[in-house]
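First the structure, in the form of structure tokens, and then the observations on it.
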Amino acid sequence: MTRHRSGVGPVLATWTTLALCCALPSAAWAEALPEALAKAYQTNPQLNAERARQRATDENVPQALAGYRPQIVASLSAGLQSVRNLLPDNTIQTGNLKPWIIGVTVTQTLFNGFRTANNVRAAELQVQSGREALRNVGQGVLLDAVTAYTNVLANQSLVEAQRSNVAFLRETLSVTQRRLNAGDVTPTDSAQAEARLNRGLADLNAAEVALAVSQATYAQVIGNAPSQLRAAEAVDRYLPKSREDAMTMAIRQHPAVMAASFDVDVASTNIRIAEGSLLPSATIQGSASKSRNNDPTLGTFAEDQASIVANVTAPIYDGGQAAAQTRQAKEITAQSRLVLDQVRNQARTAAVSAWVANEGAKITVSASESEVKAATVALQGVQREAAGGQRTTVDVLNSQADLIQAKARLIGANRDRVIASYTLLSAIGHLDVKTLSLNTPDYLPEVHYHQVRDAWHGLRTPSGQ
């Protein structure tokens, strides 16, 4: 029994180290969670696609502002005309003519039922809504990155734990077989040890498969395969102090709520746009043209024209189209308000759920740590009792199984603790680069907006495309 106990000692020491691997950071590991979050923020395709969508939304504003500006159209026509004239004296005159005309027309809208102003307002509100949607996607990407990072950490720890468990079971089987040969135990003890070893090998394989899957997910979300990762920490310092504070912050500051609020304003503005088609409109148009004709039968060979014309139109009846569009816009506005109420309720529920989950995760970690300590003491006691003949091999194996399960729960609890804290931060709308102080430039959508808002011309984007 002495050799058996000495073989178990190093395994228990390894287990003690593994139990703390998720709670104690290692200075030798290279990449911390904030660094991985910065990479995901820079390179994640989903987030970059949403940024491109927002830049496209910005272009709605200069399109709407174009309604304030004049429209200039140039025209040119030229051709070849064959003429055959019958004169009064019955003589025939033929010729090939080359008439041409060139002109330019400038049209300026003076009044169109305030539709241009309302179109500009609606476009600006769409930009505001899009920015909040972008911020919400950013939160989702960062939370996915946290989940991917902690899953890799947890699965790495589980693999190491299962490897240590297999080593322990191999040593137990070896000792049991030697004792069987010496006649101290029965073949049943050896079979039980062998069965547990095979179960441990299966558990190790499952842990390795889970690790490979989590590593692939990590590469998808963050942009590179994981190498050496540091233990992740919860972000309690950024979280609200009470459940009520979490709910209040969620319904006021969550990007989904703010985006839905801007959508209500967009829908309300669309009502005024629809009503604007029932109002009169006024335009002024200036034109100039020059034409030439070489037909000798005409009284003139050249004609130059210039004109300025004011035009006022007032709709009388359009078959009910404008009225239907106005009623439709009002119903869409009512729908948007209901959606806003729904999003607020969802944000409130998510905040409460995240708060409760975070508080529960703290308790679970504490309980799991106590369970591991107690299971470790229990295993050591069972081993000593087995050495004195008071316990059987299956008692040692069961105690070891209890310990491995307790350590697996502790690893999972530490992972869930980190994810729960970031989930709560996301639920209140504060999971962003600025709050976390990540070492990466913050993407500012307003920069592109100001670059294109007052652009009168140019086909290239500010990025040069």
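The values are calculated or read from the model by the stated rules, or taken from the named source; none is laboratory data. Here the structure is a predicted model, which means the values were calculated and not measured. Note: ideal-geometry Cβ built from the backbone for every residue, glycine included; neighbour counts use all protein chains shown. Only protein heavy atoms, including side chains, enter the accessible area calculation; ligands, DNA and RNA are left aside. Shrake-Rupley method; radii C 1.70, N 1.55, O 1.52, S 1.80 Å.
Figures for the structure shown
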read-out: Whichever residue in segment 228-257 is open to solvent by less than 40 Å² (accessible area, probe 1.4 Å) and part of a loop (DSSP other than H, G, I, E, B) and, among such residues, is nearest to V339 (Cα to Cα); value: H254
read-out: Pick from segment 180-191, criterion under 60 Å from the mean Cα position of the chain (by Cα) and open to solvent by less than 70 Å² (accessible area, probe 1.4 Å), ranking: nearest to R391 (Cα to Cα); value: D189
read-out: Filter result for the condition that a residue is open to solvent by 50 Å² or more (accessible area, probe 1.4 Å) and modelled with pLDDT of 95 or more, over D454, D416; value: D416
read-out: Matching residues, segment 351-364, being under 15 Å from N414 (Cα atoms) and surrounded by fewer than 21 Cβ atoms within 10 Å (Cβ to Cβ); value: A357, E359, G360, K362, I363, T364
read-out: Residue within segment 337-349 that is over 30 Å from E244 (Cα atoms), among the basic types (K, R) and assigned to a helix (DSSP H, G or I) present; value: no
read-out: Qualifying residue in segment 258-281 (condition: open to solvent by 40 Å² or more (accessible area, probe 1.4 Å), free of Cβ contacts under 8 Å to residues at least 40 places away in the same chain and of a type in the set (S, T, Y)); value: no
read-out: Criterion violated by D432 - all others in (1) free of Cβ contacts under 8 Å to residues at least 40 places away in the same chain; (2) open to solvent by 20 Å² or more (accessible area, probe 1.4 Å) satisfied; value: (1)
read-out: So A202, is it surrounded by fewer than 19 Cβ atoms within 10 Å (Cβ to Cβ), of a type outside the set (S, T, Y) and either outside the structural domain of G360 (by the TED database) or in a helix (DSSP H, G or I) (or both); value: yes
read-out: Residue identified as at pLDDT 95 or above and either over 28 Å from the mean Cα position of the chain (by Cα) or open to solvent by less than 50 Å² (accessible area, probe 1.4 Å) (or both) among T57, T94; value: T57
read-out: Selection count where residues are more than 16 Å from the chain's Cα centre (by Cα) and farther than 12 Å from A354 by Cα, scope segment 419-436; value: 3
read-out: Residue selected from segment 116-135 under the condition open to solvent by 50 Å² or more (accessible area, probe 1.4 Å) and out of contact with any Asp or Glu (no Cβ under 9 Å at 6 or more places or on another chain), by the criterion farthest from A350 (Cα to Cα); value: N119
read-out: Hits in segment 35-51 (condition: without any contact (Cβ under 8 Å) to a residue 40 or more places away in the chain and not polar (S, T, N, Q)); value: P45, A49
read-out: Helices (runs of 4 or more DSSP H) (entirely within segment 366-465) containing at least 1 residues that are aromatic (F, W, Y) and either assigned by the TED database to the domain that holds L153 or more than 30 Å from R196 (Cβ to Cβ) (or both); value: 393-427, 445-452
read-out: Qualifying residue in segment 388-401 (condition: more than 30 Å from H254 (Cα to Cα), of a type outside the set (D, E) and under 35 Å from the mean Cα position of the chain (by Cα)); value: no
read-out: Any chance Q380 is surrounded by fewer than 19 Cβ atoms within 10 Å (Cβ to Cβ) and out of contact with any Asp or Glu (no Cβ under 7 Å at 6 or more places or on another chain); value: yes
